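To start, the structure under review is shown below, and the notes come after it.
FYI, it's all coordinate maths here, none of it is from the lab. Nothing here was measured: the structure is a model prediction, and the numbers come from that model. Counting neighbours? That spans all protein chains shown, and the Cβs are built from the backbone with ideal geometry, glycine included.
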Amino acid sequence: MRIQIAEPEAFTTLLIKHFGKSPSSPITGISTDSRECQIGDLYIALKGERTDGHQFIQQAIDNGAVACLADREIPVKNGTDLFVVESPAETLGFMAKFYRNNFQIPVIGITGSNGKTSTKELLKHIFSTRENVHATTGNFNTSIGLPLTLFQISYNHTISIIEMGANQPGDIAYLCSIAKPTHGLITNITPAHLEGFGTIAEVAKTKGALFESLADGTAFVNKADELIRELKVYGEQITYGITPDCDFPADIHHENDGSITVTIDAQEIATGSHNLSFIKNVIAASAVSNHFGIDWKTLEYQVQSFQSPRGRCEVKQMDNITIIDDTYNANLTSTLAAIDYLNAFSGNGRRIFVFGDMFELGSESLSHHQKVGEHCSEINLDAVFTTGDNTRETDNAIDPNIFHKHFDSKHELVSELKEWIKEGDKLLVKGSRGMSMESILEDLETN
């Protein structure tokens, strides 16, 4: 990971306060990867499960780093600053926390089991009509990525949208202590990353830390989500959801072409989208946007012109075949939603699902993969191709009247899929990040 510091002078002032000395050379960037270091960077030497960043300090310096943050004294060449601390990772977060204090702008924190990135990107797109928006990029939503994201805030920004990811208990509370959000939104709470949390109750507790951090702020509460409804809100709350009992009640209507029109607080938005998951993002974003004074006409235009992030129900055409690229990640809720999205497409072409393993489900892995197979049968898909270890359970759960086959390798799957698909087909590809299911699409496109 690497970022360019938006306000180097503010960062230098922070270093002086923390370490009692000025850096020997101007620091203009921060990197946690020695290979990505550029001239003027501060290199953060982090210890991982497999590697220790301290081993690559010299490489970082050779690539241009002018300073290093490390947990021990290590010989460095003259002119290179070495800042020794007990924990480089914790110090990075500590410095980001104080850097964030330089900016008195709204900071919207977004977390949830699904839809974090899409909701963040949609809000960024909506707010860009009148604000100078700072927002999380890529996967910079972790205990390392979020601090780096904060260092990209400049004095020109008028609003910040921060994505927060969690893999274990306490993650969101820690990220909130650094980002200090003024507003917060939890998209949903589902059985994701159960391997790290153990129970759905622990997932809810961890995500709920966002609302707990907003005693002086505003929480946007999804009333349609049972677990979110039960969370305690300490500050102001604005409610929304596909339920009548909220501030922004929503209703959806499927048009003849399969696209969805959503009515939110009596305001109708023709989205042009077939994706129910996206519509839920629209409802959440509408509540936030309205609170900040975005008018409904602008909101509708921005919703209609929004392009989904790559790998998140991204629709494209390949040789008259409709491809739904949802390869970024997968859990039970997002997978079932993606299958429903595939099923909602109009036309006579066959509906084909290519599915890779879902990871980090712990003891629920077996049942969750079985439920995917059962859902494929319930809506009577035309074909299901699976690969991986856990998706064997999916394959076993599919109705024998549906064409389905499990493959030991993605290469074998692609070879047969190329022979099987034809013009007019609709193809959904999904799996957890570790399965790299996008490689299947890349192989298909190369023919």
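Separation of region 395-447 and region 70-130 by C-alpha centroid, Å?
About 38 Å separates the Cα centre of region 395-447 from the one of region 70-130.
Using 5 Å bins from zero, what percent of all Cα-Cα pairs in region 319-447 falls into each bin?
Reading the bins upward from 0: 2, 11, 24, 27, 22, 11, 3, 1, 0.
Set the bar at 21 Å for Cα to Cα. Now go through 316/418; 21/47; 316/405; 223/280; 124/297; 205/232 and name every pair that lies beyond it.
Details: 316/418 17 Å; 21/47 25 Å; 316/405 25 Å; 223/280 12 Å; 124/297 17 Å; 205/232 10 Å.
Result: 21/47; 316/405 exceed 21 Å.
Charges on Cβ only, +1 for Lys and Arg, -1 for Asp and Glu, centred on the Cα centroid of the chain; of 369, 98, 379, which one is farthest towards the dipole's positive end?
Of 369, 98, 379, it is 98.
Please state the Cα pair-distance histogram of region 35-118 with 10 angstrom bins from zero: what percent is in each bin?
With a bin width of 10 Å, the distribution comes to 16, 36, 27, 18, 3.
Over region 265-391, what is the relative contact order in percent, taking alpha-carbon pairs closer than 8 angstrom and at least six residues apart? It would help to have the intermediate numbers written out before the result.
Values: 117 pairs, mean separation 26.8, N = 127.
Relative contact order here is 21 percent.
Counting only residues 5 or more places away or on other chains, whose amide H sits under 5 Å from the amide H of residue 237 once H atoms are built in the peptide plane?
Here the answer is 219, since their amide H atoms fall under 5 Å of that of residue 237.
Rounded to the nearest 500 deg cm²/dmol, what is the calculated helix-only ellipticity per residue at 222 nm for the chain, with -39500 (n - 2.57) per DSSP H run of length n ≥ 4?
Taken over the chain, the calculation gives -10000 deg cm²/dmol.
Whole Å is fine, so just give me how far the alpha carbon centre of region 276-308 lies from that of region 14-42.
With region 276-308 and region 14-42 each reduced to a Cα centre, they are spaced 39 Å.
Report relative contact order for region 128-170 in percent, whole number only (criteria: Cα-Cα under 8 Å, sequence separation at least 6). Write down the numbers at each step before the final one.
Numbers: 47 pairs, mean separation 21.0, N = 43.
Contact order relative to length: 49 percent.
What's the magnitude of the charge dipole for the chain around its Cα centre, counting Lys and Arg as +1 and Asp and Glu as -1 at the beta-carbon? Answer in Debye, nearest 20.
Values: 36 positive and 59 negative charges, 237 e Å.
It comes to approximately 1140 debye.
What translational D, rounded to a whole number of µm²/s, comes out for region 103-304 from Stokes-Einstein when the hydrodynamic radius is the Kirkwood one over Cα pairs, at 10 °C and 1.306 mPa s? Present the calculation step by step, with values, prior to reporting the outcome.
Values: Rh = 16.9 Å.
It diffuses with D of about 94 µm²/s by this estimate.
Which value, in nm² and rounded to one decimal, describes the direction-averaged projected area of the C-alpha convex hull of region 342-404? Present the calculation step by step, with values, prior to reporting the outcome.
Details: hull surface 16.9 nm².
Spelled out: convex hull of the Cα atoms, projected over all directions, averaged, 4.2 nm².
Would you mind calculating the relative contact order of the chain from Cα pairs under 8 angstrom and at least 6 residues apart, reporting the percent as a whole number? Before the final figure, lay out the partial values.
Details: 972 pairs, mean separation 46.0, N = 447.
With pairs under 8 Å counted, the relative contact order is 10 percent.
What ratio of Cα Rg to 2.2 N^0.38 Å holds for the chain?
Against the compact-globule rule of thumb, the ratio is 1.05.
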